[in-house]
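**Q** Okay, handing you the structure first.
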Amino acid sequence: RIAVAGRFTADSVQNTESDADGDDSPNESKSRTGANKKKDGGDSTVHDSNGNALCLFPSYGACGLHNLGNTCYANSGWQCMSYLPLLRSYLLSGQFKISGDLNKDNPLGTGGRLLEEFSDLLRLMWSGKYGSRAPQKFRNFIGKCRPQYSGADQQDAQELLNDMIDMLHEDGNRVRKKPYVEALEDKWVERTNLPRVGHEAWRRFLRRNRSAISDLAMGQVYNRVTCPVCNHSSKNFDPFNMLSLPFPTVAEVIFQCTVVRRATAVNCPGTLLRVGRKHHPKQKQVITGDSSPPSK
């Protein structure tokens, strides 16, 4: 959990409560007094007048979500999405409204409602006021958009995340009128090197899909399919918003992953830097790299 230094102490909590008591309204002070009586009686959970658990140790993001009946899969998925720093700052700051990314006319989205509802939920979770909240309003809206999540049946968290990312992308898609984009020709793919094919495939994908979600949580994978009869190979790049990593059952295996976003000659000099001539040891070497995506 992300917390301010010095706030996870008993003295800081008492000071916070005493400072807040001087600024609260009479109704809020009464509810706080009743909550303190419950605390003194042996119940360590402090609730407000609406039944939401107050955060005894104020910190940003330290907010749980109530189980509304087999909704643990949804709560875990929403918590994971709330801990994506760039996505969280994009929603909490209201940048989708300021920059005009809110697409209410996209038939593939929810009319921009999901962006607004999810930003409201994150604003409550990251306010530092609540220890837990009941996401009843947001869950009802998700049930209207996707009926399979409206009931009390257990669902798959990965499918929920996939639907959430897709709906958020369409609600914030900057492409108002999607043009028709032809697929890459097989003959051109065969005679062109893979980096060039990947750049062109991503450029064509961005002609129809440009949003903060596509910048943060989308990419493409290289697929090659070979016919076992005629040995014809088909190469293409498919976009994705989530990757499934299979883990073996052997417990002794240790995975070490290195993720580099937008690798350039600056952050990956050993793989991307190509020096044409030898430099003098005392000579200052200037490394320049284009960090912009190939589509720009």
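The values are calculated or read from the model by the stated rules, or taken from the named source; none is laboratory data. Just so we're clear, the structure is a prediction, and the values are computed from it rather than from any experiment. With ideal geometry, Cβ positions are generated from the backbone for all residues, glycine too; neighbour counts draw on all protein chains shown. In case anyone asks, the SASA skips ligands and DNA or RNA and just uses the protein heavy atoms, side chains included. Shrake-Rupley method; radii C 1.70, N 1.55, O 1.52, S 1.80 Å.
**Q** Failed condition for Ser234, given (1) over 27 Å from Pro107 (Cβ atoms); (2) among the small types (Gly, Ala, Ser); (3) touching a helix residue (DSSP H, G or I) at 6+ places or on another chain (Cβ under 7 Å); (4) not in a strand (DSSP E or B), with all others met?
**A** (4)
**Q** Follow-up question, since we're still on this one. Scan region 220-259 for residues that are open to solvent by 70 Å² or more (accessible area, probe 1.4 Å) and touching a residue at least 60 places away in the same chain (Cβ under 8 Å) and jot them down.
**A** Ser244
**Q** Kindly indicate the residue of region 127-139 that is out of contact with any Ser or Thr (no Cβ under 8 Å at 6 or more places or on another chain) and not in a loop (DSSP other than H, G, I, E, B) and also most open to solvent (accessible area, probe 1.4 Å) among those meeting that condition.
**A** Lys137
**Q** Give region 125-172 a look and list any residue that's under 25 Å from Lys104 (Cβ atoms) and polar (S, T, N, Q), or say none.
**A** Those that are under 25 Å from Lys104 (Cβ atoms) and polar (S, T, N, Q): Gln136, Asn140, Gln148, Ser150, Asn162.
**Q** Taking His169 as the residue in question, decide whether it is touching a Pro at 6+ places or on another chain (Cβ under 6 Å), surrounded by 10 or more Cβ atoms within 10 Å (Cβ to Cβ) and at pLDDT 90 or above.
**A** No: the conditions fail for His169.
**Q** In addition: Could you grab me the full set of residues in region 107-126 that are open to solvent by less than 20 Å² (accessible area, probe 1.4 Å) and at negative phi?
**A** Scanning region 107-126 gives Leu114, Leu115, Phe118, Ser119, Leu121, Leu122, Met125.
**Q** Still on this model: If I ask for residues that are modelled with pLDDT of 90 or more and in contact with a helix residue (DSSP H, G or I) (Cβ under 9 Å, 6 or more places away or on another chain), which ones from region 133-143 would you list?
**A** Passing the criteria: Pro135, Lys137, Phe138, Arg139, Phe141, Ile142, Gly143.
**Q** Further, regarding this structure: Check off (1) modelled with pLDDT of 60 or more; (2) among the small types (Gly, Ala, Ser); (3) open to solvent by less than 20 Å² (accessible area, probe 1.4 Å); (4) more than 17 Å from Ala212 (Cα to Cα) for Ala62 and give me the number that stays unchecked.
**A** Unmet for Ala62, out of (1) modelled with pLDDT of 60 or more; (2) among the small types (Gly, Ala, Ser); (3) open to solvent by less than 20 Å² (accessible area, probe 1.4 Å); (4) more than 17 Å from Ala212 (Cα to Cα): (3).
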